[in-house]
Each structure stands twice: as structure tokens, then as C-alpha cells.
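Below is one structure; the comments refer to it alone.
The values are calculated or read from the model by the stated rules, or taken from the named source; none is laboratory data. Because the structure is a prediction, the values reported are computed rather than measured. As a convention, Cβ positions derive from the backbone with ideal geometry for all residues, glycine included, and neighbour counts pool all protein chains shown.
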């Protein structure tokens, strides 16, 4: 996938499959209500496709988005994230029961949780393939993405 966007506050592009994203910018998304966020949290918590670690991580990351107006990501370089990656895949899969993209779309947001192989610096530049990064973002939004610091072991 080759995409490029030049924003006043930074860049977002895929070059040779490597995403590079600037941080600390708000994506121009319509704010969803607190009630809609609570409902998304409830549906994530009730997901039969997820385990407790994945649920806690997604809900925590969702709460960092300011009602789905800010794109965010967190690096998951630990062994925990191998399981999270499988569970997050299951929550997206048509073979699963959660269908995350559909839930976020039904709430009125173009943003949804995504998983990428590799980890990223605080400026959003690709570090390497050791680990995963969980994003909540709109793949078509050209605004930069904010990295959130977190002790992933606290979710375990």
C-alpha cells in the first residue's frame, strides 16, 4: 500500500510498507457521546473473542482517544502482545463474533482498533519488527497519531 499525505503538523505515509507517523495532533473526527464510548467499552468487555488482557488494553486505549477524536497508538514489545495480537485479530475476523470495525462504524466513527507488526518511536517512526503496536485510528485520516506510554504488564 503506497500512501502519502503532507500535513502542516507532520507527515503520515507508507513507504515500502513502513508507516511513519507524527504525534500530538487531533484527527478531525466527529466526537461521539460518552454514552457511545461506554457502550463500545461494554461490547469490548463482553466479547467472546477476547481475553481480559486484550479487553483491558483496548478499553484503556479507547479512553485515551477523547471520545474518538484523537488517533493514538501504544507499543507492545512484550510476550503478552503475541496473545493480544491473536485476540485482536479474532475480534476483527468475520469468523469471530465481535466485528470491531462494524461496532466503531455503528457508533459513528471512522476510527477503529488496528494491530501492526513492529514498534514505533515517540515521533511515530518505525523501530523494528520486535513486537506489535495497537492503534486506534482512521486509516484514511491524514492527521498524525499520538503515541501513548503504558506499562503493558499492568494489563496482565
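Consider segment 140-155. How many of its residues are at pLDDT below 75 and surrounded by 13 or more Cβ atoms within 10 Å (Cβ to Cβ)?
Adding up the residues that qualify gives 7.
Among the residues of segment 93-101, are any surrounded by 14 or more Cβ atoms within 10 Å (Cβ to Cβ) and modelled with pLDDT under 85?
No, because not a single residue in segment 93-101 is surrounded by 14 or more Cβ atoms within 10 Å (Cβ to Cβ) and modelled with pLDDT under 85.
For segment 58-71, check the following and say yes or no: at least one residue is over 15 Å from residue 146 (Cβ atoms) and touching a residue at least 40 places away in the same chain (Cβ under 8 Å).
Yes, segment 58-71 contains a residue that is over 15 Å from residue 146 (Cβ atoms) and touching a residue at least 40 places away in the same chain (Cβ under 8 Å).
Does residue 68 fit the bill of being buried (at least 20 other Cβ atoms within 10 Å of the Cβ), touching a helix residue (DSSP H, G or I) at 6+ places or on another chain (Cβ under 8 Å), part of a loop (DSSP other than H, G, I, E, B) and modelled with pLDDT of 80 or more?
Here the answer is yes, as residue 68 does meet what is asked.
Quick check on residue 38: is it at pLDDT 80 or above and out of contact with any strand residue (DSSP E or B) (no Cβ under 7 Å at 6 or more places or on another chain)?
So residue 38 fits the description; yes.
Can you confirm whether segment 39-50 contains a residue that is touching a residue at least 60 places away in the same chain (Cβ under 8 Å) and touching a helix residue (DSSP H, G or I) at 6+ places or on another chain (Cβ under 8 Å)?
There is at least one residue in segment 39-50 that is touching a residue at least 60 places away in the same chain (Cβ under 8 Å) and touching a helix residue (DSSP H, G or I) at 6+ places or on another chain (Cβ under 8 Å).
Tell me yes or no: at least one residue of segment 93-108 is more than 15 Å from residue 137 (Cα to Cα), under 15 Å from the mean Cα position of the chain (by Cα) and in a helix (DSSP H, G or I).
Scanning segment 93-108, I find no residue that is more than 15 Å from residue 137 (Cα to Cα), under 15 Å from the mean Cα position of the chain (by Cα) and in a helix (DSSP H, G or I), so the answer is no.
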